[in-house]
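Working notes for the structure below.
Every number in this text was worked out from the coordinates using simple rules, so none of it is lab data. The model shown is predicted, which means the values in this text are computed figures rather than measured ones. All Cβ positions, glycine included, derive from the backbone under ideal geometry; neighbour counts span all protein chains shown.
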Amino acid sequence: MKARLLFTAALLGIQVCAMAQCSEPATIRILTVGDSWSVFMNANSTFNNSLRKWGHSDKRYFTNLIISENGSETDDFLQSVKQDEIAAQLAANPSIDVVHLSIGGNDVLGDWNVNWTQDQVDSLEAEVTLRLTSIIDFIKSVKPGIRIVWSGYTYPNFGEVIGSLPEAAWSTHPFYDTWQSMGFPDFLQINTILNSFSATVEEYAATDPQVDFVYCPGILQHVYGQPTALPVAPGGTYQPFEAPLPVGFPEYPTPRPGMNNYGFFTDAFHLSAGGYSAFIDYQVQKFYHKYFMDDQYILATDNASTGGVSSGGTVTAAPMVGESGGVEYAAVLNFETTAMPDTGVSKAEIFMRRESQLGNNLYTTPMQVRITRGSFGADVTVMAEDFAAVGEAAGPPCTFGSNGGDGHWVRLQLPEELLPYINNESDIQLHVTSPEASGRMITYSDALDPDFAPVLNLTYGPKTPASVNDLATTGFRLRAYPNPTTGLLTIDTEGQDILSMEVMDIRGGLVLATSTNSTTLDLVALPSGPYLLHVVTAKGSTWQRVVKQ
């Protein structure tokens, strides 16, 4: 075992967690725009809840009833009323870097009929896709470099929620006219047209680095299953998590528990609060979780070097923290930081996903994190002796995120005294405990699945702002675009004369400097990658992170 000394300050500070240090200011990062699905998700606060569940409790979304409107189609978002409002909100909230679009479903299902020829279907898809891409082009013109996510839809359920009623009562259902106008398609027919349109958008998104689409029409089949026999054709059952992702079983609908139930009728197209939550959770899993990391994220390495260890000498593949039956448990997390650039770190966070919990909320007791370069034991393999290893520094993290149930993520912001040990000179191991826990323990997801593995999130420093994804403004707002750029940047300083500009690489090295009062900067000679732009005016200076493609 490696014997190392803890800093005295760290030992004294185990239970010290000043409120200022642990504050979590919220930042609006997502603008949601679209049809009734956007309206319902706004009413349910779906995005905020899902982001908190995934540990990003400092991120928020915004929308309003102009840019999220029941029944809206793509045509509506080509009109000045909605486009002006989108532009106004992006200007009023400069921290927004994603527009989440839920639009196009009413266009396709509102016009399509089951008796159409394939040429008619192809023509409809092409028209709707053209209007959708025009909306995307407008958003990109308002804020160059912004990311756009098209959410798509899950399968509707006209055939069960209406078709299982006595036929004489079909016409009393609010969505009967919609089903009738489509020619009463069965599940496979309507799901096929939805999947065909989604595939068209997916092809387009694959060609545009600013556009993302998480394809998951079968996600609610996967989550809910059909444990009781479907009362209409094709009948049959399947269990939760049996439906394969992303398309599930196209011959089945979204299960009824995933649809909105108003008491006197069940919706045929809109989801329940739990349904929207599962839908957006999957999009957070596949896109937002890693997108909202800062300058670099590193996944914990395989289960041999990441796991759990107890005071009783047992070693587990899954990290565990807490106490049970007089035995204390610690998580040991291994991160390969030699792959990071040669730079300082101004902030570091660990994200861990809860698999199960014993007893009450573990996070009401103080946590402690130890760090060592290399490994706590003789090698990186988790072993019994790691439990008592002292490490090189330790301190109490700030605890954020959610402990609302299994599958929820905690975010531990490491204390400043640990940051100097995170660099590319060696890999690191972290040791997480809750020394005062009694009868409380959490088992976390192991490192096997990259979607759920523990994550180390790094923000470079110390020359950068607290987060280089945010604008650190002193006296004026800086906007450099297009970002990413292939070379030429336009610099907007709200009319302030530029005194000087510097570009630094992520190691803090100066790679370009100018003292001319120019509103453009040419990065064409620089290698592809991220850089920090520092602009100085008479009103002060500010930073922005830019990417050279």
Structure-based [θ]222 nm, the chain - -39500 (n - 2.57) summed over DSSP H runs of at least 4, per residue, nearest 500: -6000 deg cm²/dmol
Distance between region 507-529 and region 396-463 - C-alpha centres, whole angstrom: 35
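For a quick check: sort Cys22, Cys398 by the number of other beta carbons within 10 angstrom, fewest at the front.
Arranged by neighbour count, lowest to highest, Cys22, Cys398 become Cys22, Cys398.
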Share, in percent, of DSSP beta bridges within the chain that are antiparallel, nearest 5: 80
Rough spin-label spacing in nm, given labels placed 7 Å along Cα→Cβ, for Leu512 and Phe138: 3.3
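Excluding Ile162 itself, calculate the net charge of residues whose Cβ lies under 13 Å from the Cβ of Ile162, where each Lys or Arg counts +1 and each Asp or Glu counts -1. Walk me through the numbers on the way to the answer.
Numbers: positive: Arg256; negative: Glu160, Glu167, Asp177, Asp186, Asp267.
Once positives and negatives cancel, what remains is -4.
Given a cut-off of 19 Å, name the pairs among Lys82/Lys140; Lys59/Lys140; Lys59/Lys548; Lys290/Lys347 whose C-alpha atoms lie farther apart than that in the structure shown.
On the way: Lys82/Lys140 15 Å; Lys59/Lys140 22 Å; Lys59/Lys548 26 Å; Lys290/Lys347 16 Å.
Pairs exceeding 19 Å: Lys59/Lys140; Lys59/Lys548.
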Ratio of Rg to Rh over region 299-461 (Cα coordinates, Kirkwood Rh, two decimals): 0.93
Partner aspartates and glutamates for Lys286 [C-alpha distance under 13 Å; skip if fewer than 8 residues away on the same chain]: Asp212, Asp449, Asp451
Inter-probe distance in nm under a simple model that places probes 7 Å from Cα toward Cβ, at Val327 and Asp406: 2.0
Leu245 paired with Thr172, simple spin-label distance in nm, labels 7 Å along Cα-to-beta-carbon: 3.9
Distance from region 241-292 to region 107-125 (C-alpha centre basis), Å: 24
Neighbourhood charge, 12 Å Cβ-Cβ cut-off, centred on Leu414 and excluding it, Lys, Arg +1 and Asp, Glu -1: 0
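Before anything else, pin down the relative contact order of the chain: Cα pairs under 8 Å, at least 6 apart, normalised by residue count, whole percent.
Values: 1242 pairs, mean separation 80.5, N = 549.
Worked out over the chain, it gives 15 percent.
Identify the chymotrypsin sites (Phe, Trp or Tyr not before Pro) of region 203-287 meeting these criteria: DSSP loop state and at most 10 other C-beta atoms within 10 Å of the C-beta.
Details: sites: Tyr204, Phe213, Tyr215, Tyr224, Tyr238, Phe241, Tyr262, Phe264, Phe265, Phe269, Tyr276, Phe279, Tyr282, Phe287; in loops: Tyr215, Phe241, Tyr262, Phe264, Phe265.
Those that pass, being in a loop and sparsely packed, are Tyr262, Phe264.
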Calculated SAXS-style log₁₀ I(q)/I(0) at q = 0.08, 0.09, 0.11 Å⁻¹ - the chain, Debye, Cα scatterers: -0.62, -0.77, -1.07
